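A.B. asks: Can you read through this structure? Questions will come right after.
Coordinate-derived values only; no laboratory data. Everything quoted here is computed from the prediction, not taken from an experiment. Cβ: placed from backbone, ideal geometry, glycine included. Neighbour counts: every protein chain shown.
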Amino acid sequence: MPRVTFQPSGTTVECAEGTTLFDAGARAAGITIETACVGKGTCGLCRVKVLAGAEALSPYTDEEEKHLGNLYHLTKVRLSCRARVHGDVTVALAPRPGRSRPPRT
Ligand code: FES
């Protein structure tokens, strides 16, 4: 089973192949990921920064490009509700633009 580690808390959860980072965090580990659309890919709030294992995530989606632009290769920020897990990944909760701190874990 793939393992997802959320920083800065270091909380690690196992999840089924194909689970979104959003579901892995929100449902399995109790991690608070910001959302207004509850995983529908429309609010753009559920940002996470990929620290390791980017190759184990599903490809960058059109919804992500709409909310985050086309600079993933520089920022490594994904929408957690669009990124599906296919192997071990480490992510950090990412602050929204205009906020200085990421949400608490
Ligand atoms: S939860 Fe709204 S875009 Fe991901």
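A.B. asks: Reachable aspartates and glutamates from Lys40, Cα under 17 Å, same-chain residues fewer than 8 places away excluded?
C.D. replies: Straight-line reach from Lys40, under 17 Å: Asp23, Asp62, Glu63, Glu64, Glu65.
A.B. asks: Any idea which of Pro8, Cys37, Thr19 is furthest toward the positive side of the dipole for the range 1-66, if Lys and Arg beta-carbons carry +1 and Asp and Glu beta-carbons -1?
C.D. replies: Of the listed residues, the answer is Pro8.
A.B. asks: What does the charge count near Val50 come to, summing +1 for each Lys or Arg and -1 for each Asp or Glu among other residues with Cβ under 11 Å from its Cβ?
C.D. replies: Numbers: positive: Arg47, Lys49, Lys76, Arg78; negative: Glu55.
For residues surrounding Val50, the net value is +3.
A.B. asks: Tell me, what is the percent relative contact order of the chain, built from C-alpha pairs under 8 Å that lie six or more residues apart? Numbers along the way, then the final one.
C.D. replies: Numbers: 212 pairs, mean separation 38.1, N = 105.
Over the chain, the number comes to 36 percent.
A.B. asks: Let me ask another. Could you put Val89, Val38, Val4 in order, starting from the residue whose Cβ has the fewest other Cβ atoms within 10 Å?
C.D. replies: Placing the least packed residue first, the sequence is Val38, Val89, Val4.
A.B. asks: Sticking with this structure for a sec: How would Leu68, Leu93 line up from fewest to most surrounding beta-carbon atoms within 10 angstrom?
C.D. replies: Going from sparsest to densest Cβ surroundings: Leu68, Leu93.
A.B. asks: Helix-derived [θ] at 222 nm for the chain: sum -39500 (n - 2.57) over DSSP H runs of at least 4, divide by residue count, nearest 500? Spell out each step's value before the answer.
C.D. replies: On the way: 2 runs with 11 residues, N = 105.
Helix-only estimate at 222 nm: -2000 deg cm²/dmol.
A.B. asks: Sort Lys66, Lys76 by Cβ crowding within 10 Å, fewest neighbours at the top.
C.D. replies: Ordered by Cβ neighbours within 10 Å, fewest first: Lys66, Lys76.
A.B. asks: Using a 4.7 Å cut-off between beta carbons, which cysteines in the chain end up with no partner cysteine at all?
C.D. replies: Cys15, Cys46, Cys81
A.B. asks: Taking the Cα centre of the chain as origin, sum charge times position over the Cβ atoms of Lys and Arg (+1) and Asp and Glu (-1), and report the length of that vector in debye to the nearest 20.
C.D. replies: Details: 14 positive and 10 negative charges, 94 e Å.
So the dipole magnitude of the chain works out to roughly 460 debye.
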